[in-house]
1. Which number in (1) within 16 Å of ligand 2 (Cβ to nearest atom); (2) within 24 Å of residue B:29 (Cα to Cα); (3) buried (at least 19 other Cβ atoms within 10 Å of the Cβ) marks the one condition that residue B:214 misses?
2. On the basis of being exposed (fewer than 14 other Cβ atoms within 10 Å of the Cβ) and in contact (Cβ under 8 Å) with a residue 40 or more places away in the chain, does residue A:174 make the cut?
3. From A:272, A:237, grab the single residue that is in contact (Cβ under 8 Å) with a residue 12 or more places away in the chain, closer than 24 Å to residue A:108 by Cβ and not hydroxyl-bearing (Ser, Thr, Tyr).
4. Please state which one of B:81, B:97, B:112, B:91 is out of contact with any Leu (no Cβ under 9 Å at 6 or more places or on another chain), within 14 Å of chain A (Cβ to nearest Cβ) and away from ligand 1 (no atom under 14 Å from the Cβ).
5. Would a scan of the range A:152-163 turn up a residue that is modelled with pLDDT under 80 and surrounded by 13 or more Cβ atoms within 10 Å (Cβ to Cβ)?
6. Filter the range B:222-238 for residues that are in contact with a Ser or Thr (Cβ under 6 Å, 6 or more places away or on another chain) and away from ligand 2 (no atom under 16 Å from the Cβ); which is farthest from the other protein chains (Cβ to nearest Cβ)?
7. Can you tell me how many residues in the range B:178-214 are more than 16 Å from ligand 1 (Cβ to nearest atom), among the acidic types (Asp, Glu) and modelled with pLDDT under 85?
8. Here is a list: B:238, B:283. Which entry is at pLDDT below 90 and either within 16 Å of ligand 1 (Cβ to nearest atom) or surrounded by fewer than 23 Cβ atoms within 10 Å (Cβ to Cβ) (or both)?
Amino acid sequence: MTAGPIITPGDDRPGSLWRDAWRRLRRNRLAVAGLVILALLVLVAAFGPWLTPYDFLSQNLDARNLPPSMAHPFGTDDLGRDVLSRVIYGARTAFLVAVLVTAVALLIGVVLGAIAGFYGGAFDKGLMWVTDMTMSVPQLLLVVVINASLKQPITLWMEARYLETLNPIYRNSAIIDFVLVFGSMALISWPPYARLVRAQVLSIRNRPYVTAARALGLTNRIILTRYVLPNAAGPLIVAVSAGLGTAMVLESAFSFLGIGVNPPTPSWGNMISDGLRVWTNYPHLLLAPAAVLAVVTVAFNFLGDGLNDALNPKGQK
Amino acid sequence: MSALLEIRGLTIDIERDTGPARVVDGIDLAVEEGESLGIVGESGCGKSLTMLSLVGLLPNRIRATGGSARFAGQDLLALPQEALRKLRGSQIGFIFQDPMTSLNPVMRVGEQIAEALIHQSGMAKPAAMERAAELLELVGIPSPRDRLMAYPHELSGGMRQRVMIAIGLAGSPRLLIADEPTTALDVTIQAQIVDLVRDLKDRFGMSVVWITHDLALIAGLADRIAVLYAGTVVEDAPVEVIFDRPTHPYTRGLLASLPTLTDRPMTRLPSIGGTPPEPGRRPPGCPFAPRCTLAEAACDAAVPKLAAVPGSDPRHRVACFVTAGEGGRA
Ligand SMILES: Nc1ncnc2c1ncn2[C@@H]1O[C@H](COP(=O)(O)OP(=O)(O)OP(=O)(O)O)[C@@H](O)[C@H]1O
Ligand SMILES: [Mg+2]
């Protein structure tokens, strides 16, 4: 018995599925630029404490509002704090919030969306109703409401825990900020992921290879996790890349409006908000954080577009 | 001899907004142990739905509404979903039509073969991969150990169909259902796949149900052929009887439309005029009557039942008022 020809388009080594996507991504200059910028920022954020020339909190009232110089590349603010150090710490805040919020939102979205799309029924209807509601209310309003209604109980709970344990960690108001910011942002961020995953699962669950998996007697759980969800990964990766950027901008926007991370914890948003008040006299206080935020947003967009093209090569032409 | 699979009076309805539409209307079929049955019939006559209904894989809004399907002593139509799931793969294996889309594109073929062994038979992963390599060798894939690590898109159509067969065989089913497994392949590869399945059937003593449009292709594989028309069996006989003494006008039409070596080039092959009835719009009498050149008044009045053909092979049965009495002479 002879065998038919074996076609090996391009690369026949294992893993070539993702390798092909990676090759397409690498050919896209803008995507590579975005990737490099983001990689640098992640490094800066990760090693911030060892990189910053000054402590981000230490004030020097003799060196207030200095313009950029060799000693202070981004100048100093109205309390004499080094702006570069604060921007670097702001990157930590931004990445921490973006990664945690996206991870939580993604987890909720994937689990709920997958169950809704795969099993349908009342759960699906209920979930669609909830996502419709959440997505139709303006995000800002929702966050304000969630913040306002959660802040009090969380603060009281922390106070009670402190009195019980005398552990100073419960006195740290920055933690409350973070929990509130993460929590409310994650709560408004998961519905788009849930809808995307649901739509993907709906389109994949009747594909021939899923029917073939059923004909093999595999359980629903295995079919969902090994046959359906992995095939939804491409669009999800694109959405996560865009979602990280959005979460970062959201964090800055909320901090800018005073409902996000509170001073003295540095956030690009509250630095921009402070800088805006004095920008005619000291433009560097506005420009430094605003420029960094703009660059990061653009980098995420480039990367997202590149990933979209790399992972959906058929959609290109 | 008792049949491994015996379908009696199976009906399948599609739930439409306008009410149920019948697509399968009282099918009777049997498959003996170790036998291979070919099922032929036009597109849309209910071949796939009949087979999917056996293992509880009918699409949404389509239901088996009547009849029975006894497999190894139990009625499949009465089994709960979980029992059917355990039966799939291990007792009844499937091979589907399109090897291009019936393999998971993001899973290596070795893992896809091992999947059933691991999750159904509780085999450990290394043993399952070892078995997967054996299966690949069995279905004629060269250097099977290297191919374990390949993704489906790295294989040709014929190779993928072999992988599908390996997957179908992994659970050592007693009945293998092949739903037009060669339609998407080149002619030369089609013949190879037919040969392969025949070899495997003989080697493992499986029963095989092979669904096809292609009477000529199936001639080399099937022991018996059932001809389906609009959701009913119109003729059922050993393969040589079907070719020597086709009795139902529809079967005769199918055979007449096959090209033969003695045809002069460019001769126009006869084809059957008209189209089969839409589901839910069946005529009151014989479903083939509107297209049949031999139809008489009786054909529009009542539905002919499948009955033995006098003077022909004892296993030869046909559902026709007009030709059944001809003693099977074409
Ligand atoms: N998912 C579905 N939804 C609605 N109707 C369907 C569905 N699947 C099949 N049908 C209808 O049921 C009838 C029988 O379909 P089936 O797939 O069994 O035909 P078949 O004999 O296998 O045809 P083919 O040779 O084209 O595969 C057809 O008329 C088809 O239109
Ligand atoms: Mg079919």
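1. (3)
2. Answer is yes for this residue.
3. A:237
4. It is B:81.
5. Checked against the condition, which is being modelled with pLDDT under 80 and surrounded by 13 or more Cβ atoms within 10 Å (Cβ to Cβ), the range A:152-163 yields no hits at all.
6. Applying the filter and picking the extreme gives B:235.
7. The qualifying residues number 1.
8. B:283
The values are calculated or read from the model by the stated rules, or taken from the named source; none is laboratory data. All values reported here derive from a predicted model rather than from experimental measurement. So basically every Cβ, Gly included, is an ideal-geometry build from the backbone, and we count neighbours across all protein chains shown.
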